[in-house]
Every structure is written in C-alpha cells, then in structure tokens.
1. Can you pull out the residues in segment 100-140 that are basic (Lys, Arg) and either over 19 Å from GLY84 (Cα atoms) or surrounded by 15 or more Cβ atoms within 10 Å (Cβ to Cβ) (or both)?
2. If you take the residues in segment 82-135 that are of a type in the set (Gly, Ala, Ser) and not in a loop (DSSP other than H, G, I, E, B), which one is nearest to the chain's Cα centre (by Cα)?
3. Testing GLU29 on (1) over 14 Å from the mean Cα position of the chain (by Cα); (2) closer than 21 Å to ARG134 by Cα; (3) at pLDDT below 90, one condition comes back false. Which one is that?
4. Go through (1) surrounded by 16 or more Cβ atoms within 10 Å (Cβ to Cβ); (2) among the hydrophobic types (A, V, I, L, M, F, W, C); (3) closer than 22 Å to LEU133 by Cβ and name the single condition VAL83 misses.
Amino acid sequence: MGAEQSCCAKRNDVKQQTERQISRVPRKEGEIVSFTSPHETTATADRVGIGAYFQKCSTDPGALQVKSLLTSSPAHKCGKIQVGDIILKVDGENVYGKKLAELAEVLLGPTGSKVELEFKSKNTGNTYEVLLLRGIASLN
C-alpha cells in the first residue's frame with residue numbers, strides 16, 4: 001500500500017460474509033501491511049470508510065491529504081472533496097499530526113453511519129465541511 005491508506009471495506013470480505021481477523025503490522029513509517037489469521041475469527045466487514053485514499057502531505061509533514069477518490073464512493077459523490085485537499089477533522093476530532101493508521105481508525109465505521117469531515121481546499125485555502133454516510137463504492 002505504500003504511503004497511502006484506504007478507507008474502504010474489502011469487497012471480498014463483504015461478498016463472502018467471511019469472518020477473519022485482520023492484523024496490521026507497521027513495516028516502516030507510513031506503510032501498513034494487512035494479513036489474516038486462520039486461527040482467530042472476528043467480523044471485519046462491518047467497518048467501511050468513505051472511498052478516499054490519503055497520503056502524507058509533501059509540503060506539511062503533519063498534514064494528511066487526499067491522494068485519490070474511488071469513483072461512485074461517498075467521498076466522490078459529494079462533489080466537494082478534491083485530490084490534494086487536507087483533512088483537518090473527523091467528527092470534530094483534530095487529525096492534524098496523526099498517522100495514516102490513526103486516520104483510518106476514526107474514518108472507518110458501520111455502513112450507513114454518518115461522519116462529519118472538515119477539509120482545507122488545496123485550490124482556495126478555505127476550509128469546508130461535508131457530512132457523509134460511510135459505505136462501499138457502487139460498482140455500476
């Protein structure tokens with residue numbers, strides 16, 4: 001995954017309704033590797049994100065910026081979030097200075113749950129808020 005973090009559910013887990021434990025092992029700063037343990041089971045398909053990938057900002061090491069948006073995802077459909085925008089808050093919690101894995105923890109939640117986000121626009125420098133419903137990008 002490199003220096004990016006997905007805030008989307010794994011579609012295979014949702015389709016198969018398979019319960020597995022996902023372990024996250026930090027390899028180096030900004031990189032997370034996931035693997036499954038065949039001996040332990042817990043539900044993982046119950047937490048989804050907004051359909052955005054984030055990375056560390058090259059001009060501000062404490063900031064996390066939008067790397068890309070999945071087409072037809074909640075983040076894409078809202079029409080406001082742009083690549084390069086910096087995420088400032090998740091549900092009122094300041095995320096400046098957080099690691100990518102910490103951002104994923106606060107962005108992920110039950111399908112259909114609300115999440116309020118505050119961003120700083122790359123283009124204008126203005127801040128804006130969006131209220132999204134967590135979910136999986138439609139494949140259509």
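1. Our first condition is that a residue be basic (Lys, Arg); within segment 100-140, this holds for 114, 120, 122, 134.
The answer is LYS114, LYS120, ARG134.
2. Of segment 82-135, the ones of a type in the set (Gly, Ala, Ser) are 84, 92, 97, 101, 104, 109, 112-113, 121, 125, 135.
With not in a loop (DSSP other than H, G, I, E, B) added as a condition, the list becomes 101, 104, 109.
On the way: ALA101: 9, ALA104: 5, GLY109: 10 Å.
Among them, the one singled out is ALA104.
3. Checking GLU29 against (1) over 14 Å from the mean Cα position of the chain (by Cα); (2) closer than 21 Å to ARG134 by Cα; (3) at pLDDT below 90, the one that fails is (2).
4. (1)
The values are calculated or read from the model by the stated rules, or taken from the named source; none is laboratory data. What you are looking at is a predicted structure, and each value in this text was computed from that prediction instead of being measured. We place every Cβ from the backbone using ideal geometry, glycine too, and count neighbours over all the protein chains shown.
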